[in-house]
Amino acid sequence: MNFKQFALGTAVAVALGSSGFVQQAAAEDSNYIPLLTYRTGPYAGSGIPIANGMSDYFAMLNERDGGIGGVKLNVEECETGYNAQKGVECYEATKGKGALVYNPYSTGITLQLIPKASVDKIPVLSMGYGLSAAADGNVFPWIFNAPDTYWDGASVVIKYIAHQEGGLDKLKGKKIGYLFLDAGYGREPIPLLEDLAKKYGFELLQYPVPGKEMQNQSSQWLNVRRDRPDYMVMWGWGAMNPTAVKEAVKTRFPMDRFIGVWWSAGDDDAAAGGAGAKGYKAMNFSGVGTEYPAIQDIVKYVIDAGKSETDKAMVGSTLYNRGVLNAMMVAEAIRTAQEKTGKKVLTGEDMRIGLESLDLTAERLKEIGLDGFAHPMKITCEDHAGSEPVFIQQWDGAKWNKITDWFEPMTDVVRPLLEAAAKDYAEKNAPWPARTEPCPN
Amino acid sequence: MNAIMTSEEMPQVAAPTAEREDLLRVDNVSLSFGGVKAITDISFDIKKGEIRAIIGPNGAGKTSMLNVINGFYHPQVGTITWQGQVRRKMKPYEAASQGIARTFQNVALFRGMTTLDNIMSGRSLKMRKNFFWQMMWYGPAREEEIEHRKKVEEIIDFLEIQAIRKTPVGRLPYGLQKRVELGRALAMEPDLLLLDEPMAGMNLEEKADMSRFILDVNQEFGTTIALIEHDMGVVMDLSDRVVVLDYGKKIADGPPEEVQASQAVIDAYLGVSH
Amino acid sequence: MFYREAGQFKTSYEADQSLFPIRQDRIGIAVLLLIAFVLIPLTANDFFLTSIMIPFLVFSLAAIGLNVLTGFAGQLSLGSGAFMGVGAYAAYKLTSIFPDVNVIFLVLVSGFFSAAIGAVFGLPSLRIKGLYLAVTTLAAQFFLEWCFIRIPWLYNYNASGAIEIPKRDMFGITVSGAEATPLARYFVVLAITVVIALLVANVLRGRIGRSWMMIRDMDIAAELMGIRPLQTKLLAFGVSSYICGVAGAMMVFFWLNAAEPSSYSITLSFQILFMVILGGLGSLGGSFMGAAFIWILPVFLKFIPGTLGIDIPAETVEHLTFMIVGALIIFFLIVEPHGFARLWQIGKQKLRVWPFPY
Amino acid sequence: MLYDIFIDPFVQMVTMPDFFLQVLWEGFVTGILYALIALGFVLIFKASGVFNFAQGIMVVFAGLTLVGLHEHGIPAYLALLLTIVVMGILAYGIERVVMRPLVNQPDIILLMATIGLTYFLVGFGEFVFGGEPKQMIAEQLGLPTGSTAFEMGERGLVILQHIDIAAALIAIIMVTALAIFFNKTRIGRALRAVADDHQAALSVGISLNQIWAIVWFAAGLVALATGIMWGARSDVSFALEIVAFKALPVLILGGFTSIPGAIIGGLIIGFGEKIGEIYWGGLVGGGIESWLAYIIALIFLLFRPQGLFGEKIIERV
């Protein structure tokens, strides 16, 4: 190659690229929401429906209502590939544009953002994931993990199993297997599960799945076969879920005793097991199906109008609806913040006020066309998780069905643990800034 | 080869070779690789200050013999006596610290480095400054480096390769590479210098130069030299004594004229023109 | 025309053996340092500092570390990511045990832990070479990654399984933790990188550097010249892992603020290896160029569609970035297998003879 | 502690023989799949000395193409045929664009080029087929999906998945076919000649370019078979790419150029990994599968640096 051409080409490329660094100032008349999504990489299977659900709901609000409070939403996706480095890069690239809130959808990225949030004064909403301890608003004023922490989830599973067995006292002597992604995410519920095991006298068996071996779980399931646990609980994500369901079918584990966390509740996850997966259960806190007016509006205003990449068949699936729930919480927080502050165009600080005074009542849910879609939830200054009830759904071979009513987490057990963990976090990261932000109301 | 014969630098042996002290003795050495015998029961000696040639047809075990002396191969049978002491089994790098340097049949220069660095590498054993000083550079490390650089420049002058000082050796022609390799071995200031076919693949002029360097090294620095060479003319002119190997066995040993006349040697070389 | 060394004579071996014997190079490096220490701090915004410069410097240092091992000592390693992780976890443990000790000092000390572990995994290198050695280092990579997850002591029993960097001050300025300004971190990272790069350059031009290159170029000849292969290789593993360890500690302390075991995965090892290969094996300057290419190019690419006003979905940009980076890697390997360092030299050669073609 | 390490595992093996058999079977199946991946590496390494890191992504790519085509309404068998064509085009393209310009470069450069290729194929694959995992169309391809349980003793049960049996059969067929191809056909002989000596092969008029395109194609077919089998076990997604790393220890054991070596190495790793994880993994908290294979290979290397089938290397100066 001619050296001159090469040099010239490089120069042009550099010039083009560098001009991109000049950051566009936030538009004055819109609220900017960056979405850290991942439609690529090993976790794309779970990431895509969530990303679609979020962006479609926001798009629907823009199309139907012209945004929120008359102000358009400026939504921008930034691809993270579930990679913490890229996640931080996305954060740095978007925070200067007036970002209102971050939804990292990765425990790894959430952890990176936790200390930054209070410095940059932009809240992080890690909806049902991230650091459980962040539920303590006194220590983590900028981090929200409503509607539930993993510890809430773990307590619900145990409660549900007890319910099946006929009472908490019946747990004694039972064996409960815990299959988890061997990373921070999967390890987080362990302390609580161990506590409960001691308290109720059941035996907890652990089956870690290394991130690299997600699709090669035969060892774990061989162990399951040997140990013959009475129930299996799974904390999986991405490609781990369908593989686990398949292996469970192969091992002939009774599927109705196999319960996944809400992140193992994808339609594809269960469908992978074929007919044998019938009976597989999972926790959930967002409604399934398309029978909600707001979802119908998404179809009408966005998907049928050709303004989305979403495959229509995906609408109503668990993870898609999870994305919708997340977007709805953000939207409602924006609305609340607008009411509280009287401003229409918000900042991250306003958004925190909105989130801390978020009160989604059943009436409000009905108003926005999501009646019964989620349990009413209320976030307060102290409690950023809400620890809302969760239900169990079951796969019937073709779709998920809600099979129980809402289960309350064991708040009495979980809450003290959360507070202790928050205190522990603050101590280990000393000097951790004390909360200076006043409580709204 | 007459060019060398008439040269004024013809070896003038100071004392009869036989009376000199042994630098190295090899006694009854045998070496085999998984059943294949490379060397069988060989004994000979190298005296201080002499040029000792090891010759023989291809596959006679000459290079294996050098490798044994070098400590690179370990003979199954036999002893090696170095400067009066029987040598135990040792690592190749220990041979270097005892004062044995060598060049290789196929040039084994450090191809990624310049001529200067290659020759400097021969000084490695003589440089002592530790990691810390190396890291700091200014101070002792640099002083040491310059001190050795001066030595290396002497060798560069001696071998007349000033112009290629900063050239990566990979780009040098073959003859010069051989010369740099000699320089590298010389930089070690060895007691015994093993040369494995130093003139292979050279033209007449280059051979003449190389012969001159070898004689100069032997006489000026007093270095004992053991060399393998196929060019009989060169061997006969340069060496004080010759040992002849064939199929891993010693078939003759003695001064060049004697060896040349030996019937066993003639048989071994029959059909090989020299 | 501008780059000519004619008329510059060296009158001493000292001058001849300096790092930049040619005046134009000295000026060039001075200008670069001026830009790095003065111009960038004065003009750059936070994004440029935190997402471009700091990672670039961290990766450059890691690439230098791997280059010592692979480029100079000739030992292929696929475990540099894990060695970076060792540095990070060591620094984290140290700062939680000694919260009052200067954090930069601890980061530098943490490299020694990484060096020790690196040397242990370097032991098989005496018997194993080339691709076979790559498997050894892969074993190190996966085993260490597993340790980062399985030894909760390493992350202070945090429920999240991750390490989070506390706030640490130095001379009244916060240098680590989220409150540290990008500028403060940038200076710390820049200073450490420049100093280590300089020290490494010194080692490389002396006896030890030569002994590494001897092992690389012809290990048998090196051994017959008195180089002890095991010590030399282990030293290379140790030095390389030290540098990688410091880079890994800087990565979490001054750039990411928190790290999970997956931050130090095989992907990172490959990234570093790419930087070294594309930059040029056996070239320190190349390590910087390789790091710039592998880290900065994808960031650039992300912005190009936005700049041109084309509306492409984020994931398509990502796909295209992958394809372009992959294609460019192959392209550069074909154009110049010796890396950017060689391209740079060719460029200099062209400048030297300019305006004539030869 | 000593009891847990040295006695208990064996006691378990004996007292639960059905379970032990099941472990062996799982090890066997995993080993076969590792061997299939390693086989792809061996083919290319044998003919061109390239360590093809892209084999892993080729597995994913082949699987995705197959499923992707089927999703677009193309019947399964036609899709399979088209995928083979696609792999052929890919092989030709790689030979033309990547391999040919890089002839005679050092190993590490070629290795890097294949990693570059991996990046490209990841981007390209996701661009064309999207990033979501896909279900392997095992049933449509006529592969069995059920399972058979053999009873052993009172409570004992060994479950064999039909798909796993099919995988083993297909692997055997492929290896046999390759062996015949190498030994009996003209191209096969040429290929072996190339493996022995590039220059010599060139001098007797063998076209290197043609040979390379053929081995890449053959590796592509092996990748397709692997993709179908592994895809049927979990699903076809980019996370599968990482499994390809396991081929490295397999190759260390079996040697980089030996086809039977790849099979035997794969089986050793498969058995070793499963038995190690099940019977000893629990002692250190499990999950040791992620590195056990490499440690096995490493220990092995220290005692036999030349691999299982390699000859002892005599160093020469």
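Some values worked out for this structure:
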quantity: Cα-centred dipole magnitude for the protein assembly as shown, charges only on beta-carbon of K, R (+1) and D, E (-1), debye, nearest 20; calculated: 1540
quantity: Paramagnetic reach from B:Asp22 in segment B:216-260 [backbone N under 15 Å; point 7 Å along Cα→Cβ]; calculated: none
quantity: Dipole of chain D [Lys/Arg +1, Asp/Glu -1 at C-beta], most positive-end residue of D:Ile89, D:Ala200, D:Gly272; calculated: D:Ala200
quantity: Karplus-derived HN-Hα couplings along segment B:258-268 (A = 6.51, B = -1.76, C = 1.60, θ = phi - 60°), whole Hz, x at Gly and Pro; calculated: 4, 4, 4, 7, 5, 5, 4, 5, 4, 4, 4
quantity: Modelled FRET efficiency - R0 56 Å, A:Thr341 with C:Leu308, Cβ distances, 0.05 increments; calculated: 0.90
quantity: Calculated SAXS-style log₁₀ I(q)/I(0) at q = 0.14, 0.21, 0.22 Å⁻¹ - segment A:150-284, Debye, Cα scatterers; calculated: -0.55, -1.31, -1.44
quantity: Set of aspartates and glutamates with alpha-carbon distance to A:Lys343 below 16 Å, sequence-local pairs under 8 removed; calculated: A:Glu28, A:Asp29, A:Glu332
quantity: Geometric extent, Cα atoms of chain D - Rg, Dmax (angstrom); calculated: 20.7, 68
quantity: Fewest-first sequence of A:His375, D:His72 by Cβ atoms within 10 Å of each Cβ; calculated: D:His72, A:His375
quantity: Inter-label distance for A:Glu349 and D:Glu139, nm, one decimal - labels placed 7 Å from Cα along Cα-to-Cβ; calculated: 5.9
quantity: Burial order of peptide ranges A:200-210, D:92-102 (average beta-carbon count within 10 Å, highest first); calculated: A:200-210, D:92-102
quantity: Cα lying deepest toward the dipole's positive end in segment C:44-353, options C:Ala258, C:Ala73, C:Gly206, charges on Cβ; calculated: C:Gly206
quantity: Under 16 Å from B:Lys89, Cα to Cα: aspartates and glutamates that are on another chain or at least 8 residues apart; calculated: B:Asp27, C:Glu223
quantity: Set of lysines with alpha-carbon distance to B:Lys207 below 17 Å, sequence-local pairs under 8 removed; calculated: B:Lys178
quantity: C-alpha center-to-center spacing [segment A:112-155, segment D:1-79] in angstrom; calculated: 40
quantity: Order by protection proxy (mean Cβ within 10 Å, highest first), peptides C:27-35, C:49-57; calculated: C:49-57, C:27-35
quantity: Student exercise, chain A dipole from Lys, Arg, Asp, Glu Cβ charges, in Debye to nearest 20; calculated: 1020
quantity: Total formal charge among the other residues, if their Cβ is under 13 angstrom from that of A:Ala59, Lys/Arg +1 and Asp/Glu -1; calculated: -4
quantity: Three semi-axes of the equivalent ellipsoid, segment C:207-318, Cα gyration tensor, whole Å, largest first; calculated: 38, 18, 11
quantity: Ranked B:Lys151, B:Lys178, A:Lys172, criterion: other C-beta atoms within 10 Å, fewest first; calculated: A:Lys172, B:Lys151, B:Lys178
quantity: Residue among A:Tyr150, A:Leu171, A:Pro189 farthest towards the positive dipole end of segment A:150-284, charges placed on Cβ; calculated: A:Leu171
quantity: FRET efficiency, 1/(1 + (r/R0)^6) with R0 60 Å, evaluated for A:Lys170 and C:Leu351 via beta carbons; calculated: 0.10
quantity: Cα shape, segment D:1-123, gyration tensor, a/c 1.5 rule; calculated: oblate
quantity: Distance-filtered residues of segment C:303-324 - backbone nitrogen under 14 Å, label point 7 angstrom along D:Val128 Cα→Cβ; calculated: C:323
quantity: Distance in nm between pseudo-label sites at D:Leu157 and D:Ile74 (7 Å out along the Cβ direction from Cα); calculated: 4.1
quantity: Per-residue mean of C-beta atoms belonging to partner chains within 10 Å, peptide A:110-119; calculated: 6
quantity: Charged-residue dipole, Cβ positions (Lys, Arg, Asp, Glu), chain C about Cα centre, Debye nearest 20; calculated: 1000
quantity: Under Karplus coefficients 6.51, -1.76 and 1.60, residue-wise ³J(HN,Hα) of segment A:155-168 in Hz, glycine/proline x; calculated: 5, 5, 4, 4, 5, 5, 4, 4, 4, 5, 7, x, x, 4
quantity: Residues A:Val224, C:Val189, sorted so that the one with the fewest Cβ neighbours within 10 Å comes first; calculated: A:Val224, C:Val189
quantity: Interchain or long-range residues, amide H under 5 Å from B:Phe104's placed H; calculated: B:Asp196
quantity: Shape category assigned to chain C from the gyration tensor of Cα positions, a/c cut at 1.5; calculated: rounded
quantity: Overall Cα dimensions of segment D:123-198 - principal axes, largest extent first, Å; calculated: 59, 42, 21
quantity: Links that overshoot a 29 Å alpha carbon limit, given the list A:Lys170/A:Lys281; B:Lys91/C:Lys129; A:Lys281/A:Lys340; A:Lys174/A:Lys402; calculated: A:Lys281/A:Lys340
quantity: Fluctuation leader among B:Met127, B:Met135, B:Met113 - chain B, Gaussian network, Cα springs under 10 angstrom; calculated: B:Met135
quantity: Computed E for A:Glu194/C:Val101 - FRET, C-beta separation, R0 30 angstrom, nearest 0.05; calculated: 0.30
quantity: In sequence order, calculated HN-Hα J values of segment D:188-205 (Karplus, 6.51, -1.76, 1.60; Hz; x Gly/Pro); calculated: x, 5, 4, 4, 5, 4, 4, 4, 6, 7, 4, 4, 4, 4, 4, 5, 9, x
quantity: Largest to smallest principal axis extent of the C-alpha atoms in the protein assembly as shown, angstrom; calculated: 117, 77, 58
quantity: Amide H within-cut-off set for A:Trp237, under 5 Å, with H built and near neighbours excluded; calculated: none
quantity: Amide H contacts of A:Phe407 (H built 1.01 Å from N, under 5 Å, at least 5 apart or other chain); calculated: A:Val390, A:Phe391
quantity: Approximate spin-label separation A:Glu419-D:Tyr3, in nm, with each point projected 7 Å along Cα-to-Cβ; calculated: 4.5
quantity: Residues of segment B:118-139 with amide N under 17 Å of the 7 Å Cα→Cβ point at C:Leu33; calculated: B:136-139
quantity: Partner chain coverage, peptide C:296-308 - average Cβ within 10 angstrom; calculated: 5
quantity: Across A:Lys116/C:Lys93; A:Lys312/A:Lys399; B:Lys37/B:Lys250; A:Lys97/A:Lys344; A:Lys212/D:Lys274, pairs whose alpha-carbon gap is larger than 19 Å; calculated: A:Lys116/C:Lys93
quantity: Shielding by other protein chains, C:270-277, mean Cβ within 10 Å; calculated: 3
quantity: For segment A:79-209, the fraction of alpha-carbon pairs in successive 10 Å shells from zero, as %; calculated: 12, 36, 27, 17, 7, 1
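Readers should treat all values here as calculations from the given coordinates under stated rules, not as data from a laboratory. Keep in mind that this is a model prediction, so the values were computed, not measured. No Cβ is skipped: glycine too gets one built from the backbone with ideal geometry, and neighbour counts run over all protein chains shown.
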